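Enquirer: Got a structure for you, questions after.
The values are calculated or read from the model by the stated rules, or taken from the named source; none is laboratory data. Please read all numbers here as calculations on a predicted model, not as lab measurements. Cβ placement follows ideal geometry from the backbone for every residue including glycine, while neighbour counts extend to all protein chains displayed.
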Amino acid sequence: MTYTYPLTATFRLVTLSPELQVTDAKGETLMQVKQKLLTLREDTTVFADAEKTRPLYRMKADRVMGFRAVHRITRLRDEQVIGAVRAVGLRSLWSARYDVTDAQDREVLTIREENPWIKVIDGLIDEIPVIGWIAGMFINPSYLMLNTAGETVFRIRKRRSLVERRFILEPVTPPDPALDPDLVVLALIETVLLERERG
């Protein structure tokens, strides 16, 4: 699929089941994402439409969250694994890092926080009743997608409002044609779902 950047991943703060919508620069819906509730291992389905009638991908963790879980991404039409997102180390207040691998389990991207101190401040302020909630809307972490040469190829910026949270994915350099564009977007989705739990 060809994408018109920047892409925006949005989820509502008050929902029974975690749902996320991905739109392109024109505001067109590209994917609707629904995560299963009450499971120890994350299990997420990515749909092609807002009505959730056309499933495209499934992302499922191989173990309980937080313990170096590998989130395999399977294309549902042919049951082929196209890649995975792997948490590197235990997630903490201080930092987050994820490795993205392709269908052959080769590392193609790394996702890490651009400035871990922003996440620390964000986490501490969130603990202050009311004030922390309001101030937290103005302190938003950003994440970098790095290629195997250590060059930044995409940036993920977090934005908050009163009713939703948004993560914006934009290329820093022209997208590498060797990178599967679907894998890049699905890695964004997985990062958003994992980081949503950290604030």
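Enquirer: Looking only at the range 151-181, count how many residues are assigned to a loop (DSSP other than H, G, I, E, B) and under 23 Å from GLU19 (Cβ atoms). Quick ask: steps written out before the conclusion?
Expert: In the first step, residues of the range 151-181 are kept if they are assigned to a loop (DSSP other than H, G, I, E, B); the result is 151, 161-163, 172-180.
Among the residues that remain, those that are also under 23 Å from GLU19 (Cβ atoms) are: 161-163.
Number of matching residues: 3.
Enquirer: Within the range 41-60, track down each residue that is part of a strand (DSSP E or B), in contact with a Pro (Cβ under 9 Å, 6 or more places away or on another chain) and not polar (S, T, N, Q).
Expert: Residues satisfying the conditions are VAL46, PHE47.
Enquirer: Here's another thing I want to ask about it. Of all residues in the range 31-60, which are of a type in the set (Gly, Ala, Ser) and either loosely packed, with under 14 Cβ neighbours inside 10 Å or more than 14 Å from ILE189 (Cα to Cα) (or both)? Don't jump to the end; show me each part of the working.
Expert: Taking the range 31-60 as the starting set, the residues that turn out to be of a type in the set (Gly, Ala, Ser) are 48, 50.
Selection gives ALA50 alone.
Enquirer: Evaluate the range 77-95: report whether one residue or more is touching a Ser or Thr at 6+ places or on another chain (Cβ under 9 Å), surrounded by 13 or more Cβ atoms within 10 Å (Cβ to Cβ), at pLDDT 65 or above and outside any strand (DSSP E or B). Spell out the reasoning first.
Expert: Narrowing the range 77-95 to residues touching a Ser or Thr at 6+ places or on another chain (Cβ under 9 Å): 80-86, 88-89.
Keeping just the survivors that are surrounded by 13 or more Cβ atoms within 10 Å (Cβ to Cβ) gives 81-86, 88.
Now drop any that are not at pLDDT 65 or above, which leaves 81-86, 88.
Pick out the ones that are also outside any strand (DSSP E or B) and you get 88.
Looking for residues that are touching a Ser or Thr at 6+ places or on another chain (Cβ under 9 Å), surrounded by 13 or more Cβ atoms within 10 Å (Cβ to Cβ), at pLDDT 65 or above and outside any strand (DSSP E or B), one finds at least one in the range 77-95, hence yes.
Enquirer: Among ARG155, ARG165, which is the only one that is modelled with pLDDT of 75 or more, basic (Lys, Arg) and in contact with a Lys or Arg (Cβ under 9 Å, 6 or more places away or on another chain)?
Expert: ARG165
Enquirer: Another question about this same structure. Restricting to the range 1-23, name every residue that is without any contact (Cβ under 8 Å) to a residue 60 or more places away in the chain and either buried (at least 18 other Cβ atoms within 10 Å of the Cβ) or in a strand (DSSP E or B) (or both). Even if it seems obvious, please write down each step before you answer.
Expert: Taking the range 1-23 first, the residues without any contact (Cβ under 8 Å) to a residue 60 or more places away in the chain are 4, 15-17, 19, 21, 23.
Result: GLU19, GLN21, THR23.
Enquirer: Same structure again: For residues that are assigned to a strand (DSSP E or B) and not charged (D, E, K, R), scanning just the range 61-76, find the one that is surrounded by the fewest Cβ atoms within 10 Å (Cβ to Cβ).
Expert: VAL70
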